[in-house]
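**Student:** Provided herewith is a single structure, encoded as structure tokens, for subsequent inquiry.
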Amino acid sequence: MNSAYELKRELLAFIKEVHLLTDKAKGSQEITKQDLEHFSETVWRVDHFATAALDENEESDIWYNAYIVKGIVTQPLQLSSLAPHNTTLIQAADLAKKHQNEVIMRTLINNWAEADTLRHNFIQNLSEIANDLAA
């Protein structure tokens, strides 16, 4: 298995899903439970292939990019000033998929939908990483 290729593929899927979900959140379409489950599975795959790339590509550009992606998935996010604690993207995915608690994932997507510049920079950085993985 080529973990760098798989990570790139999942990053591109993640980017596409962020666009779709934030467009729905900004528009009049409802984000469905199925949308959140699918997005959660993509988050898990990104985490899995980032971990695999870290294990398979020590001391390389691939390792560095995988390290950044792993940090994005596992970095605590402050969802709002009212939130009692921070949650990671992988924790939000687990809650949405395994425990049927979609509140945190919905809040995260709504925050991304409202923060155009932040979302744009986030997606641009992930796109650059995906391009680097293709090289």
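The values are calculated or read from the model by the stated rules, or taken from the named source; none is laboratory data. None of the values given here were measured: they were computed from a predicted structure. Every residue, glycine among them, receives a Cβ derived from its backbone with ideal geometry; neighbour counts consider all protein chains shown.
**Student:** Looking only at segment 25-39, filter to residues that are charged (D, E, K, R) and free of Cβ contacts under 8 Å to residues at least 24 places away in the same chain; which one of those is surrounded by the fewest Cβ atoms within 10 Å (Cβ to Cβ)?
**Tutor:** 30
**Student:** Search segment 2-41 for residues being of a type in the set (Gly, Ala, Ser) and closer than 23 Å to residue 99 by Cα, and hand back the single one that is farthest from the chain's Cα centre (by Cα).
**Tutor:** 25
**Student:** What's the number of the only condition in (1) in contact with a Ser or Thr (Cβ under 7 Å, 6 or more places away or on another chain); (2) surrounded by 15 or more Cβ atoms within 10 Å (Cβ to Cβ) that residue 111 fails to meet?
**Tutor:** Checking residue 111 against (1) in contact with a Ser or Thr (Cβ under 7 Å, 6 or more places away or on another chain); (2) surrounded by 15 or more Cβ atoms within 10 Å (Cβ to Cβ), the one that fails is (1).
**Student:** For segment 105-129, which positions are aliphatic (A, V, I, L, M) and either more than 20 Å from residue 38 (Cα to Cα) or assigned to a loop (DSSP other than H, G, I, E, B) (or both)?
**Tutor:** 115, 118, 129 - these are the residues of segment 105-129 that are aliphatic (A, V, I, L, M) and either more than 20 Å from residue 38 (Cα to Cα) or assigned to a loop (DSSP other than H, G, I, E, B) (or both).
**Student:** Of the residues 111, 101, which single one is free of Cβ contacts under 8 Å to residues at least 60 places away in the same chain and either under 21 Å from residue 12 (Cα atoms) or of a type in the set (A, V, I, L, M) (or both)?
**Tutor:** 111
Rundown of residues vs (1) small (Gly, Ala, Ser); (2) modelled with pLDDT under 90; (3) in a loop (DSSP other than H, G, I, E, B), yes/no style:
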| site | (1), (2), (3) |
| --- | --- |
| 46 | no, no, no |
| 49 | no, no, no |
| 53 | yes, no, no |
| 58 | no, yes, yes |
| 65 | no, no, no |
| 68 | no, no, no |
| 79 | no, yes, yes |
| 83 | yes, yes, yes |
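**Student:** So, one more: Can you pull out every residue in segment 97-108 that is out of contact with any Asp or Glu (no Cβ under 7 Å at 6 or more places or on another chain) and either of a type outside the set (A, V, I, L, M) or crowded, with 18+ Cβ neighbours inside 10 Å (or both)?
**Tutor:** Within segment 97-108, 98, 99, 100, 101, 102, 104, 105, 106, 107, 108 qualify.
**Student:** Then there's this: Of the residues that sit in segment 24-35 and are in contact with a helix residue (DSSP H, G or I) (Cβ under 8 Å, 6 or more places away or on another chain) and charged (D, E, K, R), which one is farthest from residue 113 (Cα to Cα)?
**Tutor:** 35
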